[in-house]
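First up is the structure itself, then whatever we jot down about it.
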Amino acid sequence: MKFVLVEDQVMFRGLIRQMLMEECRGKILLETTTLAELRAGLDQVRAADLLLLDVRLPDGDGLDFVDEMTAAHIATPVLLFSSSCEDYVVHRVSRTFAQGFVHKDEEPKVLLTAIQTVAAGGAFFSPHFVERRRRLEKNPVSFDKLLSPREQELLRYIGAGCTDAEAAAAIGASTGTVQAHRRNIMHKLSVHNAKDLQAYALRAGFTTVTRLQ
């Protein structure tokens, strides 16, 4: 089996590397720590039997790369892993073609099972992820039931502290449109000021503490 491994945490990357080489007797075609390095190695991604991809990377979001793979018609199976399993992460993962997700709080044997299952053509979502997705689906006032996809996209930028002008440039809209969306989002979420909206975005996983800094 041929693998591509993308993970910026040294200890966790070493654990996965050991599993791939010893337990799975595989070959690592590419091992990177950033999205930039991954994008430069698309030929290796296409040739791999499995891409193991962290969701949170120093230079961006691994889920954005999964969307790029779809646009580029790259069908390599993807196993995602992350220390983040907030509602928005679960929501986005569920809407990609990724065949698996493992939370980093799970036991190593769960990760090994996921690697073996997805590499063999199956799907595997760890218990932590499955439970979070079940709660999200049952919540009648969750953001995915209140906000449009466009509003969810915008909340990623607003939550990270972008100005209306910066958010407008990021999503290709006018500043006035962003301001109108912001008002609608706050109304739908029953949030009354920018600070509380940013707190909601952080709690739900639309942004991270690192991005806020």
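Please treat every number below as a calculation from the coordinates, not as lab data. Keep in mind that this is a model prediction, so the values were computed, not measured. Using ideal geometry, Cβ is built from the backbone for each residue, glycine included, and neighbour counts are taken over all protein chains shown.
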Just from its helices, what would the mean residue ellipticity at 222 nm be for the chain, if runs of 4 or more DSSP H residues each count -39500 (n - 2.57) and the sum is divided by every residue, rounded to the nearest 500 deg cm²/dmol?
-15000 deg cm²/dmol
Charges at C-beta only: +1 for Lys and Arg, -1 for Asp and Glu. How large is the resulting dipole of the range 2-138 about its Cα centre, in Debye rounded to 20?
380
By average Cβ neighbour count within 10 Å, what is the ranking of 150-161, 120-131 from highest down?
150-161, 120-131
For the range 88-198, how big is Rg over Rh, using alpha carbon atoms and the Kirkwood form of Rh?
1.09
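Within 10 Å of each residue's Cβ, count the other Cβ atoms and sort T177, T207 from fewest upward. Mind dumping the intermediate values first?
Numbers: T177 16, T207 22.
Neighbour counts put them in this order, fewest first: T177, T207.
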Between the range 19-73 and the range 137-213, what is the C-alpha centre distance in whole Å?
28
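Mind sorting H187, H73 by how few other Cβ atoms lie within 10 Å of their own Cβ, fewest first?
H73, H187
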Net charge near D67: determine it from the other residues with C-beta under 10 Å of the C-beta of D67, scoring Lys and Arg +1 and Asp and Glu -1.
-1
Principal semi-axes in Å for the range 5-47 [√(5λ), Cα gyration tensor, largest first]:
19, 14, 4
Result: in the chain the number of Lys pairs with C-alpha under 24 Å apart, spaced 8 or more or on different chains, is 8
Mind listing the Cα extents of the range 18-75 along all three principal axes, in Å, largest one first?
31, 25, 16
DSSP-defined beta bridges in the chain - what % are antiparallel, rounded to 5
10
Can you give the percent of C-alpha pairs in the chain whose distance is more than 26 Å?
38
